[in-house]
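The values are calculated or read from the model by the stated rules, or taken from the named source; none is laboratory data. Quick caveat, the model's predicted, so the values are computed rather than measured. Counting neighbours? That spans all protein chains shown, and the Cβs are built from the backbone with ideal geometry, glycine included.
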Amino acid sequence: MEDGSSSGENEENAVDLWSRLICNPGHERIDRELVQLSMDERTKVFADVGGAQDINTEEPAFLRDCLRELEETLARMNDKPAFDLARRQSPAYTDNPAFRLMILRADNFEVEKSARRLIRHFETKLELFGSEKLARDITLAALNQDDLEALQAGGIQILPNPDQFQRKILFSRQVTWKYKSRENMVSSVTASRRQQSSSSWPLTSGVP
């Protein structure tokens, strides 16, 4: 990394590189950027790719503090109609600690980012599935015909076995992608993930 770059910028670059490493591992630009990372950043990238993260070091007190801060942050945000609607429908759904911890982990417990991600989650869910399913799990029954065709094409699949830390593995084979719109692809992946997961919490595009 260039001298003077902040740790936040470095972390953001490392996350972006992780995404592109997954999508195109042999690209020479990615190789060059890997060389520019520090040893710690490079280790983090490959640990993320290989599922070699130590996720069992979260202290209960730390998790409670993060959940409290997330709730306080959401309370200060005014422009969140989809989230507010979902909460009126089912507070138990929107406030479930397991669900919120999933959101927090996605942003390495950066509460402000997690609050925005949570809001986007429900905005996207409202857009894709409507208000009736906003505070419910998404299953295959929620898909329309175009969504089902995208799912059956097999371009994006959730592998049946998780990695060593029980994280779902998303497999993409671009040559078999078939969908009429982005919404069809996202909806099909969301429902597929719900069908194959033992968890009660689905993942929508609002939670990448």
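Looking at the structure I just gave you, is Arg167 of a type in the set (D, E, K, R), outside the structural domain of Lys178 (by TED's automatic domain parsing) and farther than 19 Å from Asn184 by Cβ? It would help to see each step written out before you state the result.
On the way: of a type in the set (D, E, K, R): yes; outside the structural domain of Lys178 (by TED's automatic domain parsing): no; farther than 19 Å from Asn184 by Cβ: yes.
Taking the combined requirement at face value, the residue does not satisfy it.
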- line: Considering residues that are more than 21 Å from the chain's Cα centre (by Cα) and in a loop (DSSP other than H, G, I, E, B), the number found within region 78-121 is 3
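Which of the residues belonging to region 161-178 are in contact with a Leu (Cβ under 6 Å, 6 or more places away or on another chain) and in a loop (DSSP other than H, G, I, E, B)?
Once the filter is applied, which keeps residues that are in contact with a Leu (Cβ under 6 Å, 6 or more places away or on another chain) and in a loop (DSSP other than H, G, I, E, B), region 161-178 yields only Ile169.
Go through region 128-160 and give me each residue that's among the charged types (D, E, K, R) and either under 15 Å from Tyr179 (Cα atoms) or part of a loop (DSSP other than H, G, I, E, B) (or both). First the steps, then the outcome.
Here is the first cut: in region 128-160, the ones among the charged types (D, E, K, R) are 132-133, 136-137, 146-147, 149.
Arg136, Asp137, Asp146, Asp147, Glu149, listed by residue number.
For every residue, the table says whether it meets (1) outside the structural domain of Cys66 (by TED's automatic domain parsing); (2) modelled with pLDDT under 70.
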residue	(1), (2)
Ile103	no, no
Leu148	yes, no
Leu151	yes, no
Gly154	yes, no
Leu159	yes, no
Met185	yes, yes
Ala191	yes, yes
- request: Show the residue pairs that are 6+ apart or on different chains and have beta-carbon atoms under 6 Å apart, the first residue being within region 116-128 and more than 18 Å from Glu72 (Cα to Cα) and in contact (Cβ under 8 Å) with a residue 12 or more places away in the chain, the second being assigned to a helix (DSSP H, G or I) and acidic (Asp, Glu).
  value: Leu128/Glu183
query: Which residues, taken from region 124-141, are out of contact with any Lys or Arg (no Cβ under 7 Å at 6 or more places or on another chain) and either of a type outside the set (D, E, K, R) or surrounded by 18 or more Cβ atoms within 10 Å (Cβ to Cβ) (or both)?
result: Thr124, Lys125, Leu126, Leu128, Phe129, Gly130, Ser131, Ala135, Leu140, Ala141
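Considering Pro97, Pro91, which residue is without any contact (Cβ under 8 Å) to a residue 40 or more places away in the chain and more than 21 Å from Phe62 (Cβ to Cβ)?
Values: Pro97 fails: more than 21 Å from Phe62 (Cβ to Cβ).
Checking each option against the conditions leaves just Pro91.
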